[in-house]
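What follows draws every value from the coordinates through simple rules; no lab data is involved. Here the structure is a predicted model, which means the values were calculated and not measured. Neighbour counts run over all protein chains shown; Cβ positions are idealised from the backbone, glycine included.
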Amino acid sequence: MAQTGKFIFNNFYGKAIEFIMDFNSEWIEYADHTSINDTILSGVVQAYDEETGIITFMTINEGQEFYIAEDSITLFWEKGKYNFLRHAQNVYNTGRKYLKKDRDIM
C-alpha cells in the first residue's frame with residue numbers, strides 16, 4: 001500500500017503545504033454546471049508516524065499542532081507554489097449524470 005504520509009514527510013518536512021481533505025465530498029449541481037465542495041487546509045509538516053499513518057502539522061499562524069490521517073488527504077501541494085482555486089474549474093453539465101443520486105440538494 002502506498003504511504004502518502006511518508007511521501008509528504010520526506011518531501012515537505014518543515015514546509016507549509018495545502019491539502020484537500022476527503023470529508024465525503026458533496027457535488028453541488030447548478031443549472032449549467034456542477035461543482036465539488038471540499039475542504040482545503042494548510043499546515044507545516046512536522047512529523048509522521050508510520051505505524052498509525054498519522055501526519056503531525058503545525059498551523060501556519062498560531063503554531064498549534066494538529067493531526068491528520070494520511071488516508072484522508074486526497075490532493076496536496078506546497079503552499080505558494082500552486083494556486084488551486086485559480087486553476088480549479090467547474091464541471092459543466094453535459095446532460096449526463098456522473099453520480100447517481102435520488103435527492104435534489106438545491
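Testing the spin-label approximation: label points 7 Å from Cα along Cα→Cβ at LYS6 and ILE28. State their distance in nm.
Taking the simple label geometry, LYS6 and ILE28 are separated by 3.8 nm.
Pop the C-beta distance of LEU75 and LYS15 into the FRET formula with R0 = 22 Å and round what comes out to the nearest 0.05.
0.85
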